[in-house]
Every structure is written in structure tokens, then in C-alpha cells.
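**Q** Have a look at this one.
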Amino acid sequence: MTPKSEAKTYTRRTSDQIVADLEAEIARVRARAEAKQAAAEVKGNPDGVAFLAAVKAADKAMRIADEQKNDAMVRVLEAARAPLAQHLVEMGLRLPDRKASRKRKARVAS
């Protein structure tokens, strides 16, 4: 047991801090909703689909080149991906995480 001299202390947030935190959360939610709306518009556009496919193909090629220890090819592909990714961001589409695995998660048996 802990002695009474080591009692836990709690700091309470002020109303202004709580309001500021909630406003920041609202701003994050609105930004996420706007990005989702923009992504829906871009994905319906053939240009957006083509750019997204090109970025995904570059990501796959980089992953394979990295597995083969071909550093020169990885650098070339990164240089090619950069302008495509920048254009996708300007179109309002969120970039896929090139390091994320696309594998399905294993189902947990109940």
C-alpha cells in the first residue's frame, strides 16, 4: 500500500481548455469529412483513378525493388512518385500509406 504522503494529485482542466479541446476535435472531424467528400469526387473522376493507380503501382514497385536490395531503383521510383503524390494531394485525395500492408487481418475464433 502507498503511504498517505504519496497521494495522487489530479489537475482539473478549466472550462476554456475543455472548450478549446472540443473545438479542435470538431475541426479534425470537419477536415476528415471534407477530405472524404473530396476523395469521393476524385475517385469518380478518371484522372483521379489513374493517378491513384499510378501511385499504388509505384509503391508496389518500390516494395519489390527494396526486397531485391536494388537501392538505385528505389531512389528512381521515389523520385517518380513524388510529383504524382503531390498532384493527388492538390486534387484533395489522401495518399495511400506506402508502407502499410494490404493483407487481411486474421479472424479471431470465438
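Bear in mind that the values in this text are calculations on the coordinates, not laboratory data. From a predicted model like this one, the values you see are computed outputs, not experimental measurements. Methodologically, a virtual Cβ is constructed for each residue, glycine included, from the backbone with ideal geometry; neighbour enumeration extends over all protein chains shown.
**Q** Each residue of region 55-71 in turn: what ³J(HN,Hα) in whole Hz from Karplus with 6.51, -1.76, 1.60 and θ = phi - 60°, glycine and Pro shown as x?
**A** With the stated coefficients, region 55-71 comes to 5, 5, 5, 5, 4, 5, 5, 5, 4, 5, 5, 5, 5, 8, 6, 9, 5 Hz.
**Q** Using the count of nearby Cβ atoms within 10 Å as a rough guide to exposure, how do K36, K8 rank from fewest to most? Please report the intermediate quantities before stating the final value.
**A** Details: K36 12, K8 5.
Ranked by crowding around the Cβ, least crowded first: K8, K36.
**Q** Let me ask something else. Stretch N70-H87 to full length: gain in nm at 0.36 nm per residue minus the Cα-Cα span?
**A** Details: separation 17, 0.36 × 17 = 6.12 nm, distance 2.66 nm.
Working it through step by step, the gained length comes to 3.5 nm.
**Q** Right, here's the next one. Please report, in Å, the Rg and the Dmax of region 16-91, where both are computed over Cα atoms only.
**A** 17.8, 55
**Q** Please give every one of the aspartates and glutamates within straight-line cross-link reach of K69, meaning a C-alpha to C-alpha distance under 17 Å, and leave out same-chain neighbours fewer than 8 residues apart.
**A** Within reach: D59, E78.
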